[in-house]
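Data block below; observations after.
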Amino acid sequence: MLKIIIPTIMLLPTALLSPKNLIWTNTTTHSLLIAAISLQWLHPTYFPHKNLSQWAGVDQISAPLLVLSCWLLPLMLMASQNHLQQEPMVRKRIFITTLITIQPFIILAFSATEVILFYISFEATLIPTLILITRWGNQPERLSAGIYLLFYTLISSLPLLVTLLHLHTQTGTLHLPTLELMHPSLTLSWTGTLSGLALLMTFMVKAPLYGLHLWLPKAHVEAPIAGSMLLAALLLKLGGYGIMRVTMLMGPLTSYLCFPFMTLALWGALMTSSICLRQTDLKSLIAYSSVSHMGLVIAASMIQTDWSFSGAMILMISHGLTSSMLFCLANTNYERTHSRILLLTRGLQPLLPLMSTWWLLANLTNMALPPTTNLMAELTIMTALFNWSMPTIILTGLATLLTASYTLFMLLMTQRGTSPSYITSIPNSNTREHLLMTLHILPMLLLMLKPELISGTI
């Protein structure tokens, strides 16, 4: 565990002390090395916990998410290079430092076996994210987006802290492996039900559940590219991971509490997909598609079968890579046309032919084309939900249909059609952007060959 966390913390002096012509090279190379070392966590084992210490341990649910979070740091650094070109050196260093500070907290949150440590690191990721959005966003509305993010997260997570302290007085420990072996302490009393609600609600806001999702499109639209990638690929997954962990501890209570959450999650998947069909803003469209995908993850983690957990796990990883790639593509368009409105950025295929190949690949994975892991995850989740209750197939089927339609809408709007008259000359796509897209799509293509690495079943 420490052999990843200590090099990640040592990235801070690297960013602060590198000479100004080498700062991007040094930080990106160093973080890529850390990402390469983190791949060892995917090594299959027969033990439930790998590297178990008193405060952290990697098991089959957290390993893929940990590798994803290590993998995305170099990609975020690479994506941010262009829009920081004009900034003075000090600001570049502060930006890179902010990005690097989030990383140890995310790693701790995914690997903590002590629930209070998980809570602390879960909350600590909020502060650098807030700094990223409110300082490096593009528009004045970024302040209101930051306030939304802050208050949604804080109001929902204070009851969680109270409940954790209450649980600690009842059971005497908050160590996850120990808690899983004990009898569930939450009963069907009023206290138990409210505690269960408090435990779930934090992660439902973070995931986000439809109805509690209003902070997400705002935050995504206003955030810089690194902030969007971070939110879509990692912070939403903290919510899904938390639900998986907490439902295991709640025992019989989940089977009573799951109905309102399941209803909202599945209905939300349908509603946000149809909202996507009438979006004018590209980043907002991708943000709403994240809500609809995470709705499936919430629904799957609430019914707690092996199949549904496996499907939720695969969907979280593949959605993390896909949505991050889509945000990068949207950003390349934004840097060239300085607009996110779909009507003003049409017909880019003849202007940027290679980029349209990446657009096609990203959109096909987003709408779950057959060999991809996205399809495997959606099928697994739909089967598990159908087994739980037959009518869910109507909602999930419609959601899949709408997902395919808004993804094709996004592809056709950005790539086809006549390009607007004001786009006369446009800078070519460069190697950095192609490398960035390759590093997003390569893990997805490789995971098609061996999806059991991320299915949480090893």
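The values are calculated or read from the model by the stated rules, or taken from the named source; none is laboratory data. Quantities reported herein were computed from a predicted structural model and do not represent experimental measurements. Glycine gets a Cβ as well: all are built from the backbone with ideal geometry, and neighbour counts include every protein chain shown. Calculation scope for accessible area: heavy atoms of the full protein, side chains included, ligands and nucleic acids excluded. Shrake-Rupley method; radii C 1.70, N 1.55, O 1.52, S 1.80 Å.
Against the longest alpha carbon principal axis of the chain, how many degrees, from 0 to 90 and to the nearest 10, is the axis of helix 282-303 turned?
So the inclination is approximately 20 degrees.
Can you list residues whose amide H is under 5 Å from residue 207's amide H, if they're 5+ apart or on another chain and H is modeled 1.01 Å from N?
none
Starting at the first residue of region 111-126, write each ³J(HN,Hα) from the Karplus equation 6.51 cos²θ - 1.76 cosθ + 1.60 with θ = phi - 60°, in whole Hz, x for Gly and Pro.
10, 5, 9, 9, 5, 5, 4, 4, 4, 5, 6, 4, 6, 5, 5, 5
Calculate the dipole size of the chain relative to its Cα centre from +1 charges on Lys and Arg beta carbons and -1 charges on Asp and Glu beta carbons; express the result in debye to the nearest 20.
Result for the chain is approximately 920 debye, rounded to the nearest 20.
Ranked by accessible surface with a 1.4 Å probe, highest first, in what order do 148, 256 come?
Order by accessible area, largest first: 256, 148.
Specify the angular offset, from 0 to 90 degrees and rounded to the nearest 10, of the alpha carbon long axis of helix 142-171 from the longest principal axis of the alpha carbons in the chain.
Relative to the chain, helix 142-171 is tipped by roughly 20 degrees.
Taking P(r) over Cα pairs in 20 Å bins from 0, in percent straight from the coordinates, which label in (i) 20, 43, 19, 11, 5, 1; (ii) 22, 53, 22, 2, 0; (iii) 26, 60, 14, 0 is the correct one?
Evaluating P(r) over Cα pairs in 20 Å bins from 0, in percent on these atoms matches (iii).
Taking the highest mean first, how do the peptides 270-278, 234-242 order by number of other beta carbon atoms within 10 angstrom per residue?
With the highest mean Cβ count within 10 Å placed first, the list reads 234-242, 270-278.
Using just the helices of the chain, give the 222 nm mean residue ellipticity in deg cm²/dmol: DSSP H runs with n ≥ 4 each add -39,500 (n - 2.57), and the total is spread over all residues, rounded to 500.
-24000 deg cm²/dmol, from helical runs alone.
What is the percent carbon and sulfur in the accessible area of the chain, measuring with a 1.4 Å probe over the protein chains and ignoring ligands? Kindly include the intermediate steps, with their values, before the conclusion.
Numbers: 12730 of 17990 Å².
C and S atoms contribute 71 percent here.
How far, in degrees from 0 to 90, does helix 236-250 lean away from the longest principal axis of the Cα atoms of the chain, to the nearest 10?
Orientation of helix 236-250: about 10 degrees from the principal axis.
Going by Cα centres, region 351-427 and region 60-103 are how many Å apart?
Cα centroid to Cα centroid, the span is 26 Å.
Do you know the Lys pair count in the chain for C-alpha distances under 30 Å, with sequence separation 8 or more or different chains?
Summing the qualifying lysine pairs gives 22.
Can you give the net charge of the other residues whose Cβ lies under 15 Å from the Cβ of residue 323, counting K and R as +1 and D and E as -1?
Residues close to residue 323 contribute a combined charge of +1.
Would you kindly derive the ³J(HN,Hα) couplings of region 89-101 from the backbone phi angles with the Karplus curve 6.51 cos²θ - 1.76 cosθ + 1.60 (θ = phi - 60°), listing them in order in whole Hz, with x for Gly and Pro?
Karplus values, whole Hz, x for Gly and Pro: 4, 4, 5, 4, 4, 5, 4, 5, 4, 4, 4, 5, 5.
Just want the answer: with Cβ charges of +1 for Lys and Arg and -1 for Asp and Glu, which residue in 386, 136, 244 is farthest toward the dipole's positive end in the chain?
Positive-most Cα among the choices belongs to 136.
Can you run phi through the Karplus equation (6.51, -1.76, 1.60; θ = phi - 60°) for region 344-353 and list ³J(HN,Hα) in whole Hz, with x for Gly and Pro?
8, 10, 7, x, 8, 4, x, 7, 10, x
Using the scaling law 2.2 N^0.38 Å as the reference, what is the normalised Cα Rg of region 340-458?
Normalised Rg, Cα atoms only: 1.32.
Out of residues 5 or more away from residue 347 or on other chains, whose amide H comes under 5 Å of its own, with H placed 1.01 Å from N in the peptide plane?
When sequence neighbours closer than 5 places are left aside, the close amide H contacts are 415, 416.
For a quick check: with amide H placed at 1.01 Å from N, whose amide H comes under 5 Å from residue 56's, ignoring anything fewer than 5 positions away on the same chain?
The list, which skips near neighbours in sequence, is 113.
Can you sort 386, 122, 409 by 1.4 Å-probe accessible area, starting with the largest?
386, 409, 122
Using a 10 Å cut-off on Cβ atoms, rank the peptides 43-54, 87-98 from the highest mean neighbour count down.
In decreasing order of mean packing, 43-54, 87-98 become 87-98, 43-54.
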